[in-house]
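Q: Here's a structure for you.
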Amino acid sequence: MDKRIISVAFSILVVISVWASNTEESSVLKLAETLFTVPAPTGYEEPIVEAIQEILPPGCRTMRDNLGSLYLKLGKQKSRLAVCTPMDEAGYFVSGINPQGYLRIDKAVFGPALIDSYHLGHPMIVWTEKGPIEGVLALPSLHILSSEVRNEFQKRPSLELAYLDIGVRSEDEAQKIGVTMLDAVTPQRELTRLAGSKIAGHSLGLKLCTALVLDVAKRIAPESTASNPTLVWMAQTKFPLRRSRPRSALGALCVSAKIEAKSIVIVDVFPCDGQNQAGIMIGNGPVLVYSGNKDTKMQDRVQKLAQDKGISLQLAPDHSSAVMNPFLSQHNAVIGLFLPVKFSHTPAEVVDIKDVDSLRFMLSVLLQGEGI
Amino acid sequence: MMKKNILFVLLLMVFLYGVLFSHTIKESKTSWQLLKELVLIPGVSGYEGQVADFIQSRLPQEVKPQKDEMQNLWFTVGSGRPHLVFVAHTDELGFVVEGITPEGLLKVSSRGGFLPQMYEGHAVEIHTKTGIVGGIVAPRPNYFQRNLEISAYTTADIAIYLGVSSQEEVRALGVSNGDSITIRKKIVEFSPELLATRAVDDRAGCAALLEASCRVDWTKIENKTITFAWDVQEETGLFGASHLAVKLDADYVFPVDTFVSSAGPFDSRRFAHLPLGKGAVLRAIDSSNIAPYAQLKKVIAIARANKIPIQLGNTRGGNDGSVFVPHGAVDIPLSWPGTYSHSFIEKIHRADLEALTDLIAALVRDWE
């Protein structure tokens, strides 16, 4: 009889613990889903800042710097630890309206050669002050396509070929519905569930990083923790300081100058596409990046923590990150806890939720002061 | 007592209205609304069953539809000559699974003509026997390079990632050779009158024909035979229409399909420059047919008599009616002006689709 009771109680405990872990996992996903469709092209971060502030628990006092990065300081003591993550993404803005009402678009942030070609022939959104406007990036009609135009599309796809059709017939009509110069333009997005624990979507890696830091903020704020951490969602991280060597993100430079904490954790994406260290894959755990540290204690402790908690960690000691570089020159202990992303900078960045979960757990423990 | 009687009469009227006019209520959807439902139904060439089933379920009760083994669907009303056949195609562009690599990627063949690069890096849906499986068209291997010499991207380059890494895992998802694949569709509604999405070609034709079938009073068809047909495999070579051309013995065939307009920003306006929103189109000349001018004038006269806005133009591409011509029929293609053909953003104006629907109904009624 006693054995039966123990067995039932054990079963209940197992169910509860599985339920609890699922609930935690879905909380990050839920946040990411909320943030997923919020536009955040570099330099146009206000909507994502508003979204983050709306989600933060009441009583959280935030501040901004001159570039727009958002800071949340927890606890009354001096911060020993700061966790910083980018909140901006690659995107476009309206750079002109032609007499037929087609919008011309441009960008401030440059990336892989193919990055613009993915969007030709696909739905986009123009974020005007009057609200979002749906549009499509025009394609030539196949049946009446000349070989010259076909060649342009196949071999030189670029913004020169981008005409954003918003369903109007003149510049006047475009202006009348609220389109103005420099309105942000993003692709329309939808999440794709893949097999197992993988999901895909445009800028999904960055949205999950934003959501991860927001999730841990929600869990511990406004309570104090041993590390009195500062959490930062950084603006303009896709825009480099001109001629900086090593390459340094402008937004990260400003944050690194402002942050007092000696220990810095950067949460960012790690592209698994052959351009970096071989062997880093999605589904194998977060990536620990730790090149050039003066003080190696934090990276050693993070590795031990992962080992103790049974978390798989991938190591990328030599990875160079434009977001991390500014911190490395100003702070003693800087590590990156990066989320591995497949097909980065494409409309379908693939992420494994298991990695997100492990990263969330590592961050939670670090923010409680353990390992720092 | 009086109040009770009034209430009873009112309830009876509501009941009788429901019984007598339930069919009319079912028919009350516009071709525009039907289009928005039809475009979302998967129907890659050779896999049109679901589209045909949807259309069959919405046909007026008084007609007797037939379906052949290819999934061509049609009904015929009336007797004698002339025999007018109106036909729209149910199939759409897409892929079919041809193989699974040891790494668990799907290799495909295309159904119809399009620029494969439109799919690169985008989400697709694999239609398996057990349901839809999500996938991503993997970007080309060197996609992350900043200074990339871009080469043409072909169907052979396409590899679909499902989130797994072996053939066994792919099969466990229910995916197998021969499954059809479509892009994940999205309807962009610029306004209540204008939209862009995949498969407007030729679900708009299907919708116009379906809606017209609900508007026509079939009891009044005399001294002529009318067939409405929804055929298959147009995009891969007019195969369904070829089958029907043998079977139907038409005098006049009215294929209902896109008029590829050069109203987009890249197109040469030397020909095909018919704007959207100005009415139905008589696709007088295309790559497969030249409609006799006398017959075009007859259609224009009927359109004008019924106050239906109509445009006349020439474009490129083939039409289903062309395969009826060798069997003795006259091919008179009916259209709407559409831009961005064979893309995910085929654009159409509501006024044009409604004019086209009106035109089909008027031709059925007034053609002699």
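What follows is calculated from the coordinates using simple rules that are stated; it is not laboratory data. In this text, all values refer to a predicted model and were calculated from it rather than measured experimentally. Cβ: placed from backbone, ideal geometry, glycine included. Neighbour counts: every protein chain shown.
Q: Find how many whole Å separate the alpha carbon centroid of the stretch A:36-73 from the alpha carbon centroid of the stretch B:305-327.
A: 56 Å
Q: Follow-up. Could you derive backbone 3J(HN,Hα) for the stretch B:149-158 from the dihedral phi with the Karplus parameters 6.51, -1.76 and 1.60 (θ = phi - 60°), listing whole Hz in sequence and x where the residue is Gly or Pro?
A: Computed from phi, the couplings for the stretch B:149-158 are 7, 7, 10, 4, 9, 10, 4, 4, 7, 6 Hz.
Q: Select from the stretch B:282-336 those trypsin sites (Lys or Arg not before Pro) which occupy a DSSP coil region and have at most 14 other Cβ atoms within 10 Å, ordered by residue number.
A: Within the stretch B:282-336, the qualifying trypsin sites (Lys or Arg not before Pro) (loop, at most 14 other Cβ atoms within 10 Å) are B:Lys307.
Q: Using the Cα atoms as the points, what is the convex hull volume per residue of the stretch A:92-187 in Å³?
A: So the per-residue Cα hull volume is 93 Å³.
Q: Say each of B:Ser268 and B:Arg171 gets a label point 7 Å from the Cα, pointing the same way as Cα to Cβ; how far apart are those two points in nm?
A: Placing both labels 7 Å beyond Cα along the Cβ direction yields 5.2 nm.
Q: Select from A:Phe338, A:Gly283, A:Ser263 the residue farthest towards the positive end of the dipole of the stretch A:253-372; place +1 on Cβ of Lys and Arg, -1 on Cβ of Asp and Glu, and compute about the Cα centre.
A: Positive-most Cα among the choices belongs to A:Ser263.
Q: Fewest to most neighbouring Cβ within 10 Å: what's the order for B:Cys214, A:Cys60?
A: Values: B:Cys214 20, A:Cys60 17.
Placing the least packed residue first, the sequence is A:Cys60, B:Cys214.
Q: Something else: If every alpha-carbon in the protein assembly as shown counts as one equal scatterer, what log10 I(q)/I(0) does Debye give at q = 0.10 1/Å?
A: For the protein assembly as shown, the Cα-only Debye profile gives -1.00.
Q: Continuing with this model, one more query. Given R₀ = 60 Å, FRET efficiency for A:Ala257-B:Thr128 by Cβ-Cβ distance, to 0.05? Don't skip to the end; give the middle numbers.
A: On the way: r = 54 Å, r/R0 = 0.91.
E between A:Ala257 and B:Thr128, to the nearest 0.05, is 0.65.
Q: If you rank B:Trp336, B:Trp32 by fewest surrounding Cβ atoms within 10 Å, what's the result? Write out the running numbers ahead of the final one.
A: Details: B:Trp336 31, B:Trp32 21.
Ranking B:Trp336, B:Trp32 by Cβ neighbours within 10 Å, fewest first, gives B:Trp32, B:Trp336.
Q: Between the DSSP loop rule and a limit of at most 10 other Cβ atoms within 10 Å, which GluC sites (Glu not before Pro) in the stretch B:51-103 are left?
A: Loop-located and lightly packed - B:Glu69.
Q: Search the structure for amide H atoms under 5 Å from the amide H of A:Ser227, placed 1.01 Å from N in the peptide plane, and list their residues when 5 or more places away or on another chain.
A: A:Gly369
Q: Counting only DSSP beta bridges with both residues in the protein assembly as shown, tell me the antiparallel percent, nearest 5. Could the numbers behind the result be given before it?
A: Values: 77 of 120 bridges.
In the protein assembly as shown, approximately 65 percent of DSSP beta bridges are antiparallel ones.
Q: Can you tell me the relative contact order of chain B? Whole percent, Cα pairs under 8 Å, sequence separation 6 or more.
A: 22 percent
Q: Now a separate question. For each pair in A:Lys176/A:Lys198; A:Lys30/B:Lys347; A:Lys130/A:Lys198; A:Lys130/B:Lys185; A:Lys107/A:Lys304, compute the distance between the two Cα atoms and list the pairs where it is over 31 Å.
A: Details: A:Lys176/A:Lys198 42 Å; A:Lys30/B:Lys347 34 Å; A:Lys130/A:Lys198 36 Å; A:Lys130/B:Lys185 27 Å; A:Lys107/A:Lys304 43 Å.
Pairs exceeding 31 Å: A:Lys176/A:Lys198; A:Lys30/B:Lys347; A:Lys130/A:Lys198; A:Lys107/A:Lys304.
Q: Right, here's the next one. If you count, for every residue in B:134-142, the Cβ atoms of partner chains within 10 Å of its Cβ, what is the mean?
A: Neighbouring Cβ atoms belonging to other protein chains average 6 per residue here.
Q: Kindly write out, for the stretch B:178-190 in residue order, the coupling ³J(HN,Hα) from the Karplus curve 6.51 cos²θ - 1.76 cosθ + 1.60 (θ = phi - 60°), rounded to whole Hz, with x marking Gly and Pro.
A: Here the 3J(HN,Hα) series is x, 5, 8, 9, 10, 5, 6, 8, 9, 9, 9, 9, 5 Hz.
Q: Same structure, new question: Over chain A, what relative contact order in percent results from Cα pairs under 8 Å that are six or more residues apart?
A: RCO, chain A: 22 percent.
Q: Give a quick list of trypsin sites (Lys or Arg not before Pro) in the stretch A:235-310 that DSSP marks as loop, anything other than H, G, I, E or B, with at most 14 other Cβ atoms within 10 Å.
A: Sparse-neighbourhood loop trypsin sites (Lys or Arg not before Pro): A:Arg242, A:Arg243, A:Arg247, A:Lys294.
Q: R0 = 41 Å: FRET efficiency of A:Gln307 with A:Met63, Cβ-based, nearest 0.05?
A: That gives a FRET efficiency of 0.65.
Q: Volume per residue, Å³, of the convex hull around the alpha-carbon atoms of chain B?
A: Taking only Cα atoms, chain B has a hull volume of 186 Å³ per residue.
Q: P(r) for chain A: what percent of alpha-carbon pairs falls in each 20 Å bin, starting at zero?
A: 27, 53, 18, 2, 0
Q: Using modelled amide H (1.01 Å from N, peptide plane; none on Pro or chain starts), what sits under 5 Å from the amide H of B:Leu194, excluding residues fewer than 5 places away?
A: Residues meeting the criterion, in which the H sits 1.01 Å from N, are B:Arg350.
Q: Which residues make up the longest stretch of chain A that has no GluC sites (Glu not before Pro) in a DSSP loop with at most 14 other Cβ atoms within 10 Å?
A: For GluC sites (Glu not before Pro) (loop position, at most 14 other Cβ atoms within 10 Å), the longest site-free span of chain A is A:1-128.
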